[in-house]
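Undergrad: Got a structure for you, written out below as structure tokens; questions coming shortly.
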Amino acid sequence: MRSRILIVEDEPLVAQDIATILTSAGYVVADMVGTVPLAISFARSRRYEAAVLDANLRGESAELLAEALQQEGTPFLVLSGYSRAHLKGALSNAPLLSKPFSRDALVRAVAAISQ
């Protein structure tokens, strides 16, 4: 399992925890970014097998990023402290992992979208 993963999370410690979990599970964390504009740029210019994204980045919804990932054919899952009812657009139909999450739940969720 050498899937290249994009992590989009604005909290550096959370992003690093996600990266550590996924790396230990055999994934390649290709990039970690913390803003919607940079994540959209990466999603459009680089190839990933999957993305893990926070629904809210520095007060900005990741909805446009989710749309860009869909356009690029990159599967993604959403991490959020909010319920599905608070997610809009492309975020609302994506697999959702509630924060806080367990190591095993994250690995299972990424495995489900990156196959």
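Undergrad: Taking Phe42, is it crowded, with 23+ Cβ neighbours inside 10 Å and either at pLDDT 95 or above or at positive phi (or both)?
TA: no
Undergrad: Report yes if Leu53 is at pLDDT below 95, of a type outside the set (Val, Ile, Thr) and within 13 Å of the chain's Cα centre (by Cα), otherwise no.
TA: Values: at pLDDT below 95: no; of a type outside the set (Val, Ile, Thr): yes; within 13 Å of the chain's Cα centre (by Cα): yes.
Spelling it out, it is not the case that Leu53 is at pLDDT below 95, of a type outside the set (Val, Ile, Thr) and within 13 Å of the chain's Cα centre (by Cα).
Undergrad: Let me ask something else. Looking only at segment 16-27, which residues are at negative phi and either exposed (fewer than 15 other Cβ atoms within 10 Å of the Cβ) or among the acidic types (Asp, Glu) (or both)?
TA: Those that are at negative phi and either exposed (fewer than 15 other Cβ atoms within 10 Å of the Cβ) or among the acidic types (Asp, Glu) (or both): Gln16, Asp17, Thr20, Thr23, Ser24.
Undergrad: Scan segment 87-115 for residues that are free of Cβ contacts under 8 Å to residues at least 12 places away in the same chain and either within 18 Å of Leu65 (Cβ to Cβ) or within 12 Å of the chain's Cα centre (by Cα) (or both) and jot them down.
TA: Within segment 87-115, Ser92, Asn93 qualify.
The values are calculated or read from the model by the stated rules, or taken from the named source; none is laboratory data. Because the structure is predicted, anything quoted here is derived from the model rather than measured. All Cβ positions, even for glycine, are placed from backbone atoms using ideal geometry, and neighbour counts span all protein chains on display.
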